[in-house]
Amino acid sequence: MPLEATAPLAKPGRAAAYLDWLQMLTGAFLILFMWGHLLMVSSVLFGRGAMNGIAGFLETTGLAQLGGPVIAVAFLLHFVLAARKIPFTSKEQRTAVGHAKMLHHTDTWLWIVQVVSAMVILVLGSIHMWTVLTDLYVGVPGSELGINAETSAARVQKWPWTLLYIVLLPLAELHVSIGFYRIGVKWGVIKRKGRKKAKLIEYIMAGAFLLIGTATLIRFLLMDVN
């Protein structure tokens, strides 16, 4: 079936280049945050005390209260910038899928996967961030830290939060790993002849972080919070 005709593309201006740079920078920032966030949360695998110690340090020093809103702003800004190229209409979506089928190009399919995962992450990630940011420790005498192993486990064990994290975890890791690869390709760090090797590294990294995340999720589900 022939692809639907599309309007001629306008020549991108300097503003588009600046927006692309900002999109790349916010994306790279969020990738580093996601990796760091997962590693810090996975400290629960070494015991409740390990996670509580890290969370206590971040909250009592104010790093969580300061960094949380920054992450939220970067998250929303990155989506707005990326939305410039997301096919929202059914016609645009059919065209994108048609091109991917015609070209038999793995990178095009990776972009489509990243777009689909982004839409789900926007909703589920926003719910997660809002819940965490509105439950931070504010220094009230006698109050407990907002982020700790016990409260995190209790939330994960409560339906529908369980389903939310089961869906969010693999999509987030998949989105991040593809984003890491595509940044390298788009900005010339990964050359054409090195794409196969880069994809292998991407798959290994995604698998490793997904394994860590799954183990952490299981640990929360099995934790006694009574």
*For residues in region 194-226 being outside any helix (DSSP H, G or I) and aliphatic (A, V, I, L, M), which is surrounded by the fewest Cβ atoms within 10 Å (Cβ to Cβ)?*
225
*Looking at region 151-165, is at least one residue in a helix (DSSP H, G or I) and modelled with pLDDT under 90?*
yes
*asked:* Quick check on my filter: what residues within region 123-135 are crowded, with 16+ Cβ neighbours inside 10 Å and either in contact with a Phe, Trp or Tyr (Cβ under 6 Å, 6 or more places away or on another chain) or closer than 16 Å to residue 163 by Cβ (or both)?
replied: 124, 125, 128
*Output the residue which, of all residues in region 13-42 that are within 23 Å of residue 171 (Cβ to Cβ) and of a type in the set (Ser, Thr, Tyr), is surrounded by the fewest Cβ atoms within 10 Å (Cβ to Cβ).*
42
*at negative phi, modelled with pLDDT under 90 and among the hydrophobic types (A, V, I, L, M, F, W, C) - does that describe any residue in region 30-48?*
no
*Select, from 169, 174, 163, the only residue that is without any contact (Cβ under 8 Å) to a residue 40 or more places away in the chain and either farther than 27 Å from residue 222 by Cβ or not aromatic (Phe, Trp, Tyr) (or both).*
163
*Could you list all residues from region 152-176 that are small (Gly, Ala, Ser) and either touching a Leu at 6+ places or on another chain (Cβ under 9 Å) or surrounded by fewer than 18 Cβ atoms within 10 Å (Cβ to Cβ) (or both)?*
153, 154, 172
*asked:* Tell me yes or no: at least one residue of region 105-122 is surrounded by 14 or more Cβ atoms within 10 Å (Cβ to Cβ), assigned to a helix (DSSP H, G or I), modelled with pLDDT of 85 or more and not aliphatic (A, V, I, L, M).
replied: yes
*Residues in region 56-85 that are closer than 23 Å to residue 21 by Cα, β-branched (Val, Ile, Thr) and either in contact with a Gly (Cβ under 6 Å, 6 or more places away or on another chain) or touching a residue at least 12 places away in the same chain (Cβ under 8 Å) (or both): how many?*
1
*Going by the conditions given, is residue 62 on the phi > 0 side of the Ramachandran plot and exposed (fewer than 13 other Cβ atoms within 10 Å of the Cβ)?*
yes
*asked:* What pairs come out if I take residues in region 36-53 that are basic (Lys, Arg) and pair them with residues that are surrounded by 16 or more Cβ atoms within 10 Å (Cβ to Cβ) and not in a helix (DSSP H, G or I) whose C-beta lies under 9 Å away, six or more apart or interchain?
replied: 48/148; 48/223
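The values are calculated or read from the model by the stated rules, or taken from the named source; none is laboratory data. Note that the coordinates shown come from a computational prediction; the quantities given were computed from them, not determined experimentally. Don't worry about glycine lacking a Cβ; one is built from the backbone with ideal geometry, like all the others, and counts go over all protein chains shown.
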